[in-house]
Amino acid sequence: MVRKPSKSEVECPPIKVGILALQGSFALHKKSLAKLGISTLFIRRPEELDQVAGLIIPGGESTVMSDLAREYDLDQKIVQKAKAGMPIFGTCAGAILLGKGEEAPPRLELSSLTVQRNAYGRQRESFDAPVQLTFSPEPFHGIFIRAPRIVPNEQSKSAIEGWYQEDLVLTQQDKILLSTFHPELTEDLRVHEHFIEMVRASLAQEKDPSMQNSNSRIKQSSKKLTL
Amino acid sequence: MSTNNSTSWEEKVGFAKMHCGGVIMDVTTADEAKIAQDAGATAVMALERVPSDIRKEGGVARMSPVKVIREIVESVTIPVMAKVRIGHFMEARILEELGVDFIDESEVLTPADEAHHIDKLAFKIPFVCGARNLGEALRRIGEGAAMIRTKGEAGTGNVVEAVRHMRQIQREMKELTTLHADELMTQARDHGAPFNLIVDVAKSGKLPVPNFAAGGVATPADAALMMALGAEAVFVGSGIFKSGDPERMAQGIVRAVTYWEDAAELAKITEEYASPTMPGIDINEIDPSQRLQDRGW
């Protein structure tokens, strides 16, 4: 007899998330997702992106990742996947690559926000600080390492998902999530969980295009912010 | 929770982890630093002379001149590391002041103190130190090193000592994981290592900080070999700027560290980025008094 899938299995089918593994903290992201029961695939070839429902671009050195992504044709494939609706999460160097910016390295510009490299200074200016999240009341322990800064503009107001003092440190625009700190360096899984929700919502939307993006409810709590 | 300006242990080790899967390259000038950055280095390591020249020319090897450090810091956007002599905490203070991101307390330079290493916890910026075995690695971590690298034998273009040190550290860690709690204090005594760190390793099977390879890496295949032996990233010293074509050699090593698990890709990289390697030295030809790895304890 064929067992009928339970309700939760129907709602949460198993998903696989890719992690760009050219350089940087890819192994740490894998560890975080494993704790959430999510299987992962290290991405070093364009065709590997066809096997995953979402992508994480990790922390590391943005210039190195950018060079290798270009050489191995991963950059075009990532843009193509994003345009086809794949959720992508970039942490630190990953956020730099996903955002816009005049300075090197060349950006993927999948987010319309400008992400400034090394905006707080050098390693001696690295710091940790409590990050306020829109989707969870407890502050998140944010570790900022030679961190970039998301430049506030008209679009950034509606994108805020996390902030520290005056700075936007976690933003979401449609299916692109950027964090300037490193959730993969902590045991706290809330930011990764948020991304997995985005991936699941995207898959559900693919199946049933009439469905509203389930993340839109999260947006409302950030309206009270005045930045 | 620490305040905005203090760099805690988490930021030090976190920063070290961001170099994983990358290559850190020795440079002596701003021009070399730019070549290294363009070739895909995750960081550059500033020092007065590369190890093979120190070996040839002799004399006291020190940290880079301040002017050179400033030029390097200004010329690249990637992190800048720099070497200081073992025990020379004033060289380290100067480098921290100059905005250097990571300090290598290195046996490649002439030691300033034959008995004591730097108190690395007293600094805001992180340190990396060399080690030949687990005890040495844990002593350095106990002093505050946020990254460990094998010592290997720098300036030889011969990877054999880096392999020896990496295998030894991995073997000693594995051994600890097989022991009972009541056997660990004896291990702490035998390794000459802090007890709490021995307990840590016995539980996790790995160092509490990233473990990189260094000392004698001279080809993309050498770099891939060190990754396969458990290194999380690779330092290359003389191997790049003493090779026939530094730019290509650097690019080849960077790619080999990313694609080390893919033999077909490695073969392609090794061919495509072929560059005459630096002249190597057999370890047995080196007079024991000239061995850099025996500096520090």
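Mind telling me which of the residues A:Glu193, A:Glu187 ends up being assigned to a loop (DSSP other than H, G, I, E, B) and either open to solvent by 50 Å² or more (accessible area, probe 1.4 Å) or modelled with pLDDT of 95 or more (or both)?
Of the residues listed, the single one that is assigned to a loop (DSSP other than H, G, I, E, B) and either open to solvent by 50 Å² or more (accessible area, probe 1.4 Å) or modelled with pLDDT of 95 or more (or both) is A:Glu187.
Taking into account only those residues within the stretch A:133-142 that are assigned to a strand (DSSP E or B) and within 12 Å of chain B (Cβ to nearest Cβ), which is most open to solvent (accessible area, probe 1.4 Å)?
Narrowing the stretch A:133-142 to residues assigned to a strand (DSSP E or B): A:133, A:140-142.
Cutting the leftovers down to within 12 Å of chain B (Cβ to nearest Cβ) gives us A:140-142.
Working: A:Phe140: 2, A:His141: 47, A:Gly142: 0 Å².
My answer is A:His141.
Between a first residue in the stretch A:92-115 that is in contact (Cβ under 8 Å) with a residue 40 or more places away in the chain and a second residue that is open to solvent by less than 40 Å² (accessible area, probe 1.4 Å) and among the basic types (Lys, Arg), which pairs have beta carbons less than 8 Å apart while being 6 or more apart in sequence or on different chains?
A:Ile96/A:Arg107; A:Ile96/A:Arg117; A:Leu97/A:Arg107; A:Leu98/A:Arg107; A:Gly99/A:Arg107; A:Val115/A:Arg107
Between a residue in the stretch A:154-168 that is of a type in the set (S, T, N, Q) and any residue that is open to solvent by less than 10 Å² (accessible area, probe 1.4 Å), which pairs come within a Cβ distance under 6 Å, given they are 6 or more apart or on different chains?
Filtered contacts from the stretch A:154-168: A:Ser156/A:Leu113; A:Ser156/A:Leu168.
Of the residues in the stretch A:67-100, how many are farther than 20 Å from A:Gly162 by Cβ and of a type in the set (Gly, Ala, Ser)? Even if it seems obvious, please write down each step before you answer.
Of all residues in the stretch A:67-100, those farther than 20 Å from A:Gly162 by Cβ come to A:67-86.
Next, only the ones that are of a type in the set (Gly, Ala, Ser) stay: A:69, A:82, A:84-85.
Within the stretch A:67-100, residues that are farther than 20 Å from A:Gly162 by Cβ and of a type in the set (Gly, Ala, Ser) number 4.
For the stretch A:143-166, check the following and say yes or no: at least one residue is within 14 Å of chain B (Cβ to nearest Cβ), open to solvent by less than 10 Å² (accessible area, probe 1.4 Å) and over 25 Å from B:Pro210 (Cα atoms).
No.
So, in the stretch B:231-264, exactly how many residues are surrounded by fewer than 22 Cβ atoms within 10 Å (Cβ to Cβ), assigned to a helix (DSSP H, G or I) and small (Gly, Ala, Ser)?
So the answer is 2.
Failed condition for B:Gly215, given (1) in a loop (DSSP other than H, G, I, E, B); (2) farther than 30 Å from B:Glu11 by Cβ, with all others met?
Result: B:Gly215 passes all but (2).
Please tell me if B:Ala228 is open to solvent by less than 10 Å² (accessible area, probe 1.4 Å) and within 17 Å of B:Leu266 (Cβ to Cβ).
Criteria not met by B:Ala228.
For the stretch A:37-132, which fully contained strands (runs of 3 or more DSSP E) count at least 2 residues that are away from chain B (no Cβ under 14 Å) and open to solvent by 10 Å² or more (accessible area, probe 1.4 Å)?
So the answer is A:39-43.
Could you list all residues from the stretch B:192-212 that are touching an Asp or Glu at 6+ places or on another chain (Cβ under 7 Å) and either farther than 21 Å from B:Ala146 by Cα or outside any strand (DSSP E or B) (or both)?
B:Pro208, B:Pro210
In the list B:Met90, B:Met166, which residue meets the criterion of being within 14 Å of the chain's Cα centre (by Cα) and hydrophobic (A, V, I, L, M, F, W, C)?
Among B:Met90, B:Met166, only B:Met166 is within 14 Å of the chain's Cα centre (by Cα) and hydrophobic (A, V, I, L, M, F, W, C).
So, of the residues in the stretch B:241-297 that are of a type in the set (Lys, Arg) and modelled with pLDDT of 95 or more, which turns out to be nearest to B:Met227 (Cα to Cα)?
Of everything passing the filter in the stretch B:241-297, B:Arg255 is nearest to B:Met227 (Cα to Cα).
Could you please let me know if B:Ala267 is more than 14 Å from chain A (Cβ to nearest Cβ), in a helix (DSSP H, G or I), touching a helix residue (DSSP H, G or I) at 6+ places or on another chain (Cβ under 8 Å) and without any contact (Cβ under 8 Å) to a residue 40 or more places away in the chain? Talk me through it step by step, then tell me what you get.
Details: more than 14 Å from chain A (Cβ to nearest Cβ): yes; in a helix (DSSP H, G or I): yes; touching a helix residue (DSSP H, G or I) at 6+ places or on another chain (Cβ under 8 Å): no; without any contact (Cβ under 8 Å) to a residue 40 or more places away in the chain: yes.
So B:Ala267 does not fit the description; no.
Which residues, counting only those in the stretch A:13-30, are open to solvent by 10 Å² or more (accessible area, probe 1.4 Å) and more than 11 Å from chain B (Cβ to nearest Cβ)?
Pass one, the stretch A:13-30, residues open to solvent by 10 Å² or more (accessible area, probe 1.4 Å): A:13-16, A:26-28, A:30.
Across the stretch A:13-30, the qualifying residues are A:Pro13, A:Pro14, A:Ile15, A:Lys16, A:Lys30.
If you go through the stretch A:169-200 one residue at a time, how many are more than 14 Å from chain B (Cβ to nearest Cβ) and touching a residue at least 40 places away in the same chain (Cβ under 8 Å)?
Taking the stretch A:169-200 first, the residues more than 14 Å from chain B (Cβ to nearest Cβ) are A:170-178, A:189-200.
If we keep only those that are touching a residue at least 40 places away in the same chain (Cβ under 8 Å) too, we end up with A:171-173, A:175-178, A:189-196, A:198-200.
So the count comes out to 18.
For residues that are within 15 Å of B:Arg70 (Cβ to Cβ) and either open to solvent by 40 Å² or more (accessible area, probe 1.4 Å) or facing chain A (nearest Cβ under 8 Å) (or both), tally how many sit in the stretch B:33-46.
So the count comes out to 1.
Could you tell me which of the residues B:Val108, B:Val128 is away from chain A (no Cβ under 14 Å) and within 12 Å of the chain's Cα centre (by Cα)? Walk me through how you get there before you give the answer.
Details: B:Val128 fails: away from chain A (no Cβ under 14 Å).
Exactly one of B:Val108, B:Val128 is away from chain A (no Cβ under 14 Å) and within 12 Å of the chain's Cα centre (by Cα), namely B:Val108.
On the basis of being within 14 Å of another protein chain (Cβ to nearest Cβ), on the phi > 0 side of the Ramachandran plot and not in a helix (DSSP H, G or I), does B:Gly152 make the cut?
Answer is no for this residue.
Which residues, taken from the stretch A:143-184, are of a type in the set (A, V, I, L, M, F, W, C) and outside any strand (DSSP E or B)? Before the answer, list the steps.
Going residue by residue through the stretch A:143-184, those that are of a type in the set (A, V, I, L, M, F, W, C) are A:143-145, A:147, A:150-151, A:159-160, A:163, A:168-170, A:176-178, A:181.
Matches in the stretch A:143-184: A:Ile145, A:Ala147, A:Val151, A:Ala159, A:Phe181.
The values are calculated or read from the model by the stated rules, or taken from the named source; none is laboratory data. The model shown is predicted, which means the values in this text are computed figures rather than measured ones. Positions of Cβ are backbone-derived with ideal geometry, glycine not excepted, and every protein chain shown enters the neighbour counts. To get the accessible areas, we keep the full protein, side chains included, count just its heavy atoms, and leave off ligands, DNA and RNA. Shrake-Rupley method; radii C 1.70, N 1.55, O 1.52, S 1.80 Å.
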